[in-house]
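The values are calculated or read from the model by the stated rules, or taken from the named source; none is laboratory data. The model shown is predicted, which means the values in this text are computed figures rather than measured ones. Here the Cβ positions follow ideal geometry from the backbone for every residue, glycine too, while neighbour counts run over all protein chains shown.
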Amino acid sequence: MRFTSLNIQIILFLIIGSFSMGQLLRGVTEKENWHDWVMYLLTALIETAQLTTKKIRAMLSLKEVYEKQMKQALGSSFSYELLQLLFTIPYLKIELPEKRKIAVAKLPLCGLRN
C-alpha cells in the first residue's frame, strides 16, 4: 500500500481516537453494532476531506499571490509554466526549468525568496 497524505490523515484520525475506535470495534464484535463503527469511519472521512479542502484553498490562494509577485518582478519574462512547476514539484532544482527552456535568469533577483 502506498501512503498518501490522505491515507496518513485518516490513519492519524484513527490513532488519535484509538480509545473510541477500540470501544467501537468491541461493539461490533460483541454486539454487532456496525452503525457506530461506520459513523466513526465516515466522520474520519468527512473531517479529512474538510482539512484537505482547506489546504487546497490555501495553496491556490498562495499561488495567486505568487503569480502577482512574479508578474510584477519578472514582467515580460513571467512564465506561467514556471509558476505551475513551483506548485507541482515541492523541491524544484534550477535544472528542471532550464531543461524546459523557461526563463529563469532573473529568478534570484526577483524578490520572491523569503
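Where in the range 11-90 are there helices (runs of 4 or more DSSP H), lying fully within it, with 3 or more residues that are modelled with pLDDT of 90 or more and of a type in the set (A, V, I, L, M, F, W, C)?
The helices (runs of 4 or more DSSP H) meeting that bar are 34-74.
Give all pairs with beta carbons closer than 7 Å in which a residue from the range 90-108 that is farther than 15 Å from TYR80 by Cβ meets a residue that is modelled with pLDDT under 80 and surrounded by 10 or more Cβ atoms within 10 Å (Cβ to Cβ); count only pairs at least 6 apart in sequence or on separate chains.
From the range 90-108, the pairs are ILE94/VAL104; GLU98/VAL104.
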